[in-house]
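The values are calculated or read from the model by the stated rules, or taken from the named source; none is laboratory data. Nothing here was measured: the structure is a model prediction, and the numbers come from that model. Quick reminder, even Gly has a Cβ in these numbers, built from the backbone with ideal geometry, and neighbours come from all protein chains shown.
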Amino acid sequence: MSLFQRTTIALARSPMMGRAMRAMAARSSLASRFVGGADVDAAVGTALRLREAHGIRASLFYLGEYVADPAAIEHNVTQSIAACDALGRAGLDVHVSVDPTAIGYMDSDARGEANARRIGAAVSRAAGGGQDWVVLDMEDSGIRDRTCGLHRGLLEAGLPAGLTLQARRRRTPEDLHWAIRQRTSLRLVKGAFPERELDHDGRARIDQAYLDAASIMLSPEARKAGFLPVFGTHDDRLAGAIMTMARERGWAPDGFEFEMLYGVRPDWQLALRGLGYNVRVYLPFGGDWWPYAIRRVGENPRNAWLLARSLGSDGSYFS
């Protein structure tokens, strides 16, 4: 891990910096531009407006990462469950994303798995027949195998579980060949916090690995199994290549999804919707937005450029 990344993690965990940034956000549009609301009701309201105005779907994520305190863990879990209930009442996809380290894995695997099952059961209860999933975010390599194991366990329990995989990891194709045979949702991202011994090296090689993984996800075998490919990327070059690949293989534009961060490149999100593609935004909510924002920069310094570009553009979802 680079010095830059270690520094951003330290900033993310700094209570003093967090208080200062939240105070600044209260006087600016910074937090509201990239966070969907301070609570469940506000976040669901944002998701509903996105769906009604543009047909953009949302995956709600309650802000809270790397939590070991039992009370904080329980709070994170109950917020995710409340989001499921509220999404169901609103007639939206009951789609939530969770970090395993936010729901108990910093305490014990047993607690984390039990809480993931609670959230998965909440998705099932509230589901209305749309794309209803609890999607596991992929964090650092120390929890990767446990996250993949949790995904398999949730599927075996009959719960609607999805997973995030990172294209930069050399072992991702192995995991994908198993996943595409399941009725599941899988979000492919380029990946964060590079580790030389585990990863492809260099942007060109990682981009090619992303397209190689996309090829597996758009295979006839995947479509036959009812697998849902989700491509998490803000890179229009990759998106264009995926659109071409899908078209050549007979996938309809609504047979897969593009997913991006809420507030980042909304103009591109709207353009994709105009072309008939499914677009979902990863929509964080809650008050603790500073660790989330700085971690996104720490994971990939290029995210700082994406955030700055979005702040400086005229692009927005609502006039």
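Before moving on, here are some points about what is shown:
- Residue in the stretch 170-186 that is under 24 Å from SER97 (Cα atoms), in contact with a Gly (Cβ under 7 Å, 6 or more places away or on another chain) and of a type in the set (Lys, Arg) present: yes
- Matching residues in the stretch 87-122 - criterion: being of a type in the set (Ser, Thr, Tyr) and under 15 Å from ALA71 (Cα atoms): THR101, TYR105, SER108
- Within the stretch 88-104, one or more residues are under 21 Å from VAL230 (Cα atoms) and either acidic (Asp, Glu) or at pLDDT below 85 (or both).
- Count - residues of the stretch 112-133 that are touching a Gly at 6+ places or on another chain (Cβ under 7 Å) and in contact (Cβ under 8 Å) with a residue 40 or more places away in the chain: 5
- Flag if ARG125 is of a type outside the set (Asp, Glu), in a helix (DSSP H, G or I) and touching a Cys at 6+ places or on another chain (Cβ under 9 Å): yes
- Options ALA25, ALA20; residue that is buried (at least 16 other Cβ atoms within 10 Å of the Cβ) and at pLDDT below 95: ALA25
- Cβ-Cβ under 6 Å pairs, at least 6 apart or on other chains, the stretch 59-76 side among the acidic types (Asp, Glu), far side buried (at least 16 other Cβ atoms within 10 Å of the Cβ) and part of a loop (DSSP other than H, G, I, E, B): GLU65/ASP99
- Residue satisfying all of: in the stretch 83-111; assigned to a helix (DSSP H, G or I) and out of contact with any strand residue (DSSP E or B) (no Cβ under 9 Å at 6 or more places or on another chain); surrounded by the most Cβ atoms within 10 Å (Cβ to Cβ) among these: THR101
- Checking THR147 against (1) surrounded by fewer than 20 Cβ atoms within 10 Å (Cβ to Cβ); (2) assigned to a helix (DSSP H, G or I); (3) under 18 Å from the mean Cα position of the chain (by Cα), the condition it does not meet: (1)
- Verdict on GLY263 being in contact with a helix residue (DSSP H, G or I) (Cβ under 9 Å, 6 or more places away or on another chain), at pLDDT below 95 and among the small types (Gly, Ala, Ser): yes
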